[in-house]
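Below: the structure, in structure tokens.
Where a number appears in this text, it was derived from the coordinates with a stated rule and is not lab data. For clarity, every value in this text was computed on a predicted model and none was experimentally measured. Counting neighbours? That spans all protein chains shown, and the Cβs are built from the backbone with ideal geometry, glycine included.
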Amino acid sequence: MRVFVLGFITVSFHVCLVVSNTSWENVAHQRRIRQDNNSLTCHDAEGREGICRDNRVNGEGCFFKSRICQEYHRCNNHYRCFIPADPTKDEPCVTDGGICKAATDRCDGAYEDDLCDFPSKRKCCKPTCDLKCELIGGDCQPEGLACGGVINSTPGLCDGTGRVCCIDNKDDSACVNAGGECKDIVEVCSGWYDVGKCSGFYYRQCCRLPGDDTPCTNAGGVCRDSRTRPCHMGDYRPNLCSGPSYRQCCLKGCDTGSSGDSECREEGGCCRPLFCAGKEQSISATCPNDTIHPETSCVCCQAPTARPVVEQGDPIFNTLDKKEYRFDGECSYVLLRECSKPLEEPRFVVTSKHGVMENLKGNLITYVKGISIYLKNWPLSDLQIDLLEQRYVSINKNIPLNIREMVRWNDASIGVTIEQDGPNVKVDKEDEFTVWFNGNGRVNLEIVDSLSDRVCGLLGNGNGNPDDDFLKLTPDGLTLVDDVNEFGESWVVDGSCS
């Protein structure tokens with residue numbers, strides 16, 4: 001087996017979109033200023049100005065990665081740069097009776113592209129009739145979601161594209177036997193929703209009643225879904241609430257936001273309520289007293305590798321044969337493709353899409369935004385798997401689903417499996433390759449030995465010799481080159497730099 005690891009791409013490249021020449025000293029000073037209204041400004045790749053905000057708070061706009069936001073609020077990894085949507089660019093959707101929503105949000109209707117601001121992230125949700133599906137006892141839902149019954153894919157039952165009819169099997173026993181009640185997930189649930197225990201369409205899920213939450217309530221906290229709701233002026237602590245691991249205890253005090261100077265922050269730590277969790281370790285630095293919530297005991301926690309944030313230079317690639325090189329590219333590139341016959345249609349292609357975000361100095365840097373996998377032997381049509389940020393997955397350009405919702409996707413006829421593997425989304429093509437993507441800039445890729453010297457791309461040919469990895473694809477076949485930029489740019493995906 002040969003393994004490739006692509007880490008965070010953090011190179012600064014000088015283009016007209018650089019939005020600030022603020023010195024490091026000024027940025028450091030700004031980080032010490034109390035920003036109670038979260039008004040620290042940031043910018044996207046097009047220079048549009050936004051504010052740093054917790055991405056669990058909904059809004060009419062989009063969130064983008066920003067090192068300024070991540071460092072300023074480094075104790076809360078949910079902070080991103082929020083750019084408000086331009087209402088005038090949403091008008092084509094609104095005037096047609098639709099609502100612009102994030103492409104990953106639920107739409108009780110059908111999505112239509114290119115009618116909203118930020119068209120790559122937001123779509124127009126339009127109402128539908130779906131009468132034909134309803135007449136046979138079903139509800140329409142996005143293709144790929146679980147159905148508590150039987151999927152009827154007959155064309156014409158559901159309006160729009162990428163939607164199928166889920167026929168209810170009227171069996172809620174799995175939920176009832178677990179002590180729960182089946183509800184639409186838009187309804188309030190005092191405990192948590194459990195997937196796959198209710199009949200009917202995907203959004204009808206089992207509301208499980210809370211168990212013993214007294215470890216949290218006795219500490220003065222409240223149990224919540226830490227994935228979707230921020231803990232304002234406080235922090236979540238695990239293992240104090242009943243239910244799944246994401247249901248955690250929100251304890252006020254020990255604000256983990258951008259509070260000013262403290263010994264804990266100066267030592268690279270974060271003030272947490274009660275105890276440190278995960279890989280963080282307690283250190284002796286003190287946390288400031290919380291005058292609003294003096295009852296909460298705070299400890300200073302530090303990750304084992306915590307250190308000041310520094311720019312790491314150019315993006316670093318390691319080929320399958322362990323050749324390390326630096327390549328600055330802000331488009332999409334072929335990481336790996338089947339190359340036994342370089343001038344013919346490849347059997348598979350894996351590409352990497354590079355995004356742009358603002359670094360601590362106000363310059364633009366690139367990072368791995370997504371991975372696309374193309375398989376050419378998909379029945380009736382090609383199979384395209386897109387691995388997106390925050391571990392969302394789209395199959396054949398359908399509505400992206402979080403890997404938690406998909407649970408596991410498998411097609412034995414072509415030997416493809418998609419599933420969660422620790423913090424990663426894992427795609428396995430049986431007897432050929434495996435891709436892992438954490439949705440946050442890191443990619444791992446592994447090929448079987450039989451593909452040695454039968455692949456090409458930015459990862460080389462995997463034949464055990466790092467000296468012949470820089471193979472450029474030309475009209476005459478593969479040619480060995482020395483210049484890293486000539487090699488890298490030769491694998492750019494056509495049309496991806498616009």
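Computed from phi, the 3J(HN,Hα) profile of the stretch 128-137 under the Karplus parametrisation 6.51, -1.76, 1.60 (θ = phi - 60°) reads 10, 8, 6, 4, 4, 5, 5, 5, 9, x Hz, with x in place of Gly and Pro. Set the Cα radius of gyration of the chain against 2.2 N^0.38 Å, with N its number of residues, and you get 1.05. The label point for Ser452 and the one for Asn169, both projected 7 Å from the Cα toward the Cβ, are 4.7 nm apart. Once the Cβ-Cβ distance of Asn218 and Val188 is raised to the sixth power relative to R0 = 30 Å, the FRET efficiency obtained is 0.80.
Legend: residue pairs Lys369/Lys426; Lys121/Lys170; Lys376/Lys472; Lys369/Lys429, Cα-Cα distance threshold 24 Å; pairs beyond threshold, Lys121/Lys170. Annotation: aspartates and glutamates with alpha-carbon distance below 19 angstrom to Lys183 (same-chain offsets under eight excluded): Asp105, Asp108, Glu134, Asp139, Asp168, Asp171, Asp172, Asp194, Asp225, Glu405. Summary of packing: across the peptides 114-125, 275-286, 153-164, the per-residue average of other C-beta atoms within 10 Å ranks them, highest first, as 114-125, 153-164, 275-286.
Among the trypsin sites (Lys or Arg not before Pro) in the stretch 389-498, those placed in a DSSP loop whose Cβ has at most 11 other Cβ atoms within 10 Å are Lys397. Straight-line cross-link partners of Lys252 among the lysines, defined as a Cα under 25 Å from its Cα and at least 8 positions apart when in the same chain: Lys279. Here the stretch 34-84 was treated as a single set of alpha-carbon atoms; its pair distances binned every 10 Å from 0 give 30, 60, 10 percent. Note that the stretch 81-177 shows a convex hull volume over its alpha carbon atoms of 126 Å³ per residue.
For a straight C-alpha distance cut-off of 14 angstrom, the aspartates and glutamates reachable from Lys89 (same-chain residues fewer than eight places away being disregarded) are Glu60, Asp113, Asp114, Asp117. Selection among Asn76, Phe63, His43 by position relative to the dipole of the stretch 34-84 gives Asn76 as farthest towards the positive end (Cβ unit charges, Cα centre). Only helices enter the 222 nm calculation for the chain: every DSSP H run of n ≥ 4 contributes -39,500 (n - 2.57), and dividing by all residues gives -2000 deg cm²/dmol, rounded to 500. In a reduced charge model with +1 at each Lys and Arg Cβ and -1 at each Asp and Glu Cβ, the stretch 425-498 shows a dipole moment near 380 debye about its Cα centre.
The gain in end-to-end length when the Leu135 to Asp421 segment is fully stretched comes to 99.0 nm, 0.36 nm per residue minus the alpha carbon separation.
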